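For reference, the structure discussed in these notes is given below.
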Amino acid sequence: MDPLNDVLALLDMRSANFARLEGVGAWAISFAGYQHIKLGAVLEGECWVETEGAAPVRAVAGDCYLLGNGRPYRLSSDPRVPAQASSEIFTGFVEGGTVRVGPSGGAVDSVVVGCGFHLDTANAAVLLDVLPPLVHVPAASDEAGAIRTALNMLRQETATREIGSGLIVERLAHIVLVQVLRSYVAAQGSTGHAWLTALADPAIGTALSLMHQFPAHVWTVAELAAKSGMSRSHFAARFNELVGTPPLEYLATWRIRSAARELRTGNRTISSIATQYGYGSESAFSHAFKRVIGLAPGRYRRQSRSYVTLDQ
């Protein structure tokens, strides 16, 4: 199984708060924090993107950006323009609509579309912790070619709002998000010290794919090394260097996170879930689960169903 597909499925990624922003003249908007990922694309003109922990980025037509830190951010025609709060500008906004900012009566200089993505709160860190505050994919980059078609369709669908546009826009936003993550991996290479960037390394990427495809298999470091075409010692050191954790620790954590989702969303017995993820007994599973999650499986299931987490 493709580890990225596997992680996105675990995160139960849902899109929300899609908007088309049309800028006229000098304008600036400040946005409060959000959950969990904000995807943006410049369809026409340009805009500046600013957030804490990253250098300001000038994004031009065809560029995409990804904000994955939940911190406040700012969009503007120029960083020197005083910003209006988004809460004022988006008063009465209808999901999927268009907002115009800047002096009234002028011609539109820039068009930016944005979409928020809500993740399963319990597992959001799996992706959020491996992303920088701001990912910028320039239209001129080699990796941006595959995004252009989706952006052209976004431009049309957000401008016309014909029957079914909402569904098309949502699907296109998912496509662009995956393409942006691909582009980030390609640009970063395998030096990011995280599972996401480690996918760029052929050998370690193979090992990650095997662990995600067959999580119940009793993997050993020696077997994973052989499948990856490396010696045991070289594989262990390389995996730890690129992913940031030893191979079997990564596998154990992934098994438990996957099992936690089964506990929250399904009604299968704890014993059957333990078997699915490679544990020979319910007690062994419970011990591993408590080590990773901090709660016993039964208690975790009860607590996860006793309240509803409200996304912001």
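Laid out as a table, the results:
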| item | result |
| --- | --- |
| Top-ranked residue in region 267-276 [being assigned to a helix (DSSP H, G or I) and of a type outside the set (Gly, Ala, Ser); ranked as least open to solvent (accessible area, probe 1.4 Å)] | ILE273 |
| Hey, SER183 in contact with an Asp or Glu (Cβ under 6 Å, 6 or more places away or on another chain), under 25 Å from TYR250 (Cα atoms) and open to solvent by less than 60 Å² (accessible area, probe 1.4 Å) or not | yes |
| Residue tally, condition open to solvent by less than 10 Å² (accessible area, probe 1.4 Å) and of a type outside the set (Ser, Thr, Tyr), over region 195-204 | 3 |
| Residue under evaluation GLN303, criteria (1) within 30 Å of GLY33 (Cα to Cα); (2) open to solvent by 60 Å² or more (accessible area, probe 1.4 Å); (3) over 24 Å from the mean Cα position of the chain (by Cα); (4) touching a residue at least 12 places away in the same chain (Cβ under 8 Å), criterion not met | (4) |
| Residues that are in a loop (DSSP other than H, G, I, E, B) and either open to solvent by 40 Å² or more (accessible area, probe 1.4 Å) or modelled with pLDDT under 90 (or both), drawn from region 277-291 | GLY278, GLY280, SER281 |
| Extreme residue, modelled with the highest pLDDT, among residues of region 117-146 that are charged (D, E, K, R) and within 30 Å of ARG305 (Cβ to Cβ) | ASP129 |
| Residue that is surrounded by the most Cβ atoms within 10 Å (Cβ to Cβ) [pool: residues in region 229-266 that are among the basic types (Lys, Arg) and farther than 17 Å from LYS290 by Cα] | ARG238 |
| Answer from GLN188, GLN213 - the residue that is within 18 Å of VAL126 (Cβ to Cβ), open to solvent by 40 Å² or more (accessible area, probe 1.4 Å) and over 18 Å from the mean Cα position of the chain (by Cα) | GLN213 |
| Test for GLU157: is it surrounded by 15 or more Cβ atoms within 10 Å (Cβ to Cβ), more than 21 Å from the chain's Cα centre (by Cα), closer than 30 Å to GLY45 by Cα and modelled with pLDDT of 80 or more | yes |
| Hey, ASP6 in a loop (DSSP other than H, G, I, E, B) and touching a His at 6+ places or on another chain (Cβ under 9 Å) or not | no |
| Condition broken by LEU131, with the remaining ones in (1) open to solvent by less than 60 Å² (accessible area, probe 1.4 Å); (2) part of a helix (DSSP H, G or I) satisfied | (2) |
| Extreme residue, farthest from the chain's Cα centre (by Cα), among residues of region 220-250 that are closer than 16 Å to SER190 by Cβ and of a type in the set (S, T, N, Q) | SER228 |
| Selected residue (only one of GLY102, GLY116 is in contact (Cβ under 8 Å) with a residue 24 or more places away in the chain, surrounded by 13 or more Cβ atoms within 10 Å (Cβ to Cβ) and more than 20 Å from the chain's Cα centre (by Cα)) | GLY102 |
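The values are calculated or read from the model by the stated rules, or taken from the named source; none is laboratory data. Just so you know, these numbers come straight off a predicted model, no measurement behind them. So basically every Cβ, Gly included, is an ideal-geometry build from the backbone, and we count neighbours across all protein chains shown. Only protein heavy atoms, including side chains, enter the accessible area calculation; ligands, DNA and RNA are left aside. Shrake-Rupley method; radii C 1.70, N 1.55, O 1.52, S 1.80 Å.
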